Structures are given as structure tokens and as C-alpha cells.
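Contents: one structure, followed by commentary.
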Amino acid sequence: MKFNWRGRDEAGKEVSGLREANDKFELAREMRGEGITLVLAEPAANPKQRGQSWLAFHFSFNKVKTKDKITLATSLGSMISAGLSLARALNVLGRQANGRRFREVVTNLEERIKGGESFSNALGAWPDVFPPVFMAMVAAGEESGNLPGALEIVSQQMTKNYELRRKIRGAMIYGADLAFARGNIF
């Protein structure tokens with residue numbers, strides 16, 4: 001079986017690839033023998049599968065929710081304003097994180113901050129999770145020395161976008177239900 005994997009080498013650098021192994025445990029043993037600590041291993045998509053429905057289904061449950069990103073921005077801003085270091089605040093949030101993927105992201109951010117990276121650069125390692133505007137606002141907050149203020153602005157903007165999407169989705173569902181009830185569909 002082939003696995004997409006991600007791990008850390010002995011220097012702490014993130015590495016990834018595709019490798020054949022009987023199971024995740026064998027893969028972890030092989031990687032450990034090469035000095036790599038396995039962080040994530042997922043079965044690679046079978047090219048014989050028709051379409052990517054399984055893959056899309058899998059990743060829809062493996063996503064970081066918008067609410068979690070809003071909570072991250074809001075809580076980080078509050079904790080930093082209260083005097084906690086960024087690394088300590090991320091540690092607290094990582095322990096309280098709901099989803100496995102969100103916990104993985106927050107833990108990785110904490111490790112990168114402890115390693116001396118800027119917060120905006122650490123966010124850049126997760127382009128599939130954090131939108132460019134999130135990273136740009138954090139970078140501006142770091143440069144200006146007002147990271148809590150930048151995080152609050154990000155949180156407010158993401159909340160407005162989230163609420164708007166919810167309202168639009170609700171209106172679309174209501175319209176479809178109404179049309180169906182009146183017999184206008186099919």
C-alpha cells in the first residue's frame with residue numbers, strides 16, 4: 001500500500017513524500033530508521049478509483065472549520081493582549097482544539113514559533129488552511145507591533161464573511177424547499 005506521508009527530520013525540518021509500506025506502523029518504523037519522525041501518514045488515492053469522490057469526502061472531514069479559524073484569531077489576540085507569549089497561547093489553544101486536523105495545525109504553528117519563525121511565516125506553511133488575507137494581516141500586525149489588533153480585525157472580517165455565507169446558504173435552501181413544496185422542481 002502506498003502512503004502520502006509528512007514528518008520531521010533530525011534537524012526539525014518538515015519533509016514529505018510517497019512511500020510503499022504494508023501499514024502505517026511499518027512506515028513509521030522505516031522512517032524512524034532513517035532519522036525521520038512520522039507526523040502524518042494517509043493512504044494514497046488509488047488511481048484505479050473512478051473519480052475522486054472518496055478523496056473529496058475524506059478531505060471534507062479533514063478540513064479546519066471556519067469557526068475554528070475565527071476562534072484561533074479571537075483567542076490568540078485576547079491571550080497575547082493579556083500578556084501570554086504567542087507560543088504559550090498556541091499551546092493552550094492546541095490542547096483545547098476540537099478536530100484532529102486543527103490540533104495538528106496549531107501544534108505545528110507552536111513548534112515553528114518556538115523554532116524562531118515569525119507567526120506570518122508559520123501560517124504560510126498552511127496555505128490550504130489560512131487565506132492570504134489572514135497571513136497578510138498577521139504580517140502587518142507583526143511589523144506594526146500590534147498583533148492583537150490585527151488578529152481582532154481578522155476575526156471580525158472572518159465572522160462577517162461566515163455569517164454572510166450562512167445567510168446565503170439558508171436563503172438558497174429555503175428557496176429550494178419552497179419551490180419543491182409548490183411542485184416547481186422536477
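Here, each number is a calculation from the coordinates, and none is a lab measurement. Since the model is a prediction, treat every value here as computed from it, not as a measurement. Cβ: placed from backbone, ideal geometry, glycine included. Neighbour counts: every protein chain shown.
Overview of results
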item	result
Efficiency of FRET from Cβ geometry, Asn121 and Thr37, R₀ 30 Å, rounded to 0.05	0.90
For Val39, distant residues with modelled amide H under 5 Å away	Arg6, Gly7, Arg8
Greater than 26 Å apart at Cα, pairs in Lys13/Lys160; Lys2/Lys69; Lys2/Lys67; Lys69/Lys167	Lys13/Lys160; Lys2/Lys69; Lys2/Lys67
Lys63 long-range amide H proximity, modeled H, under 5 Å	none
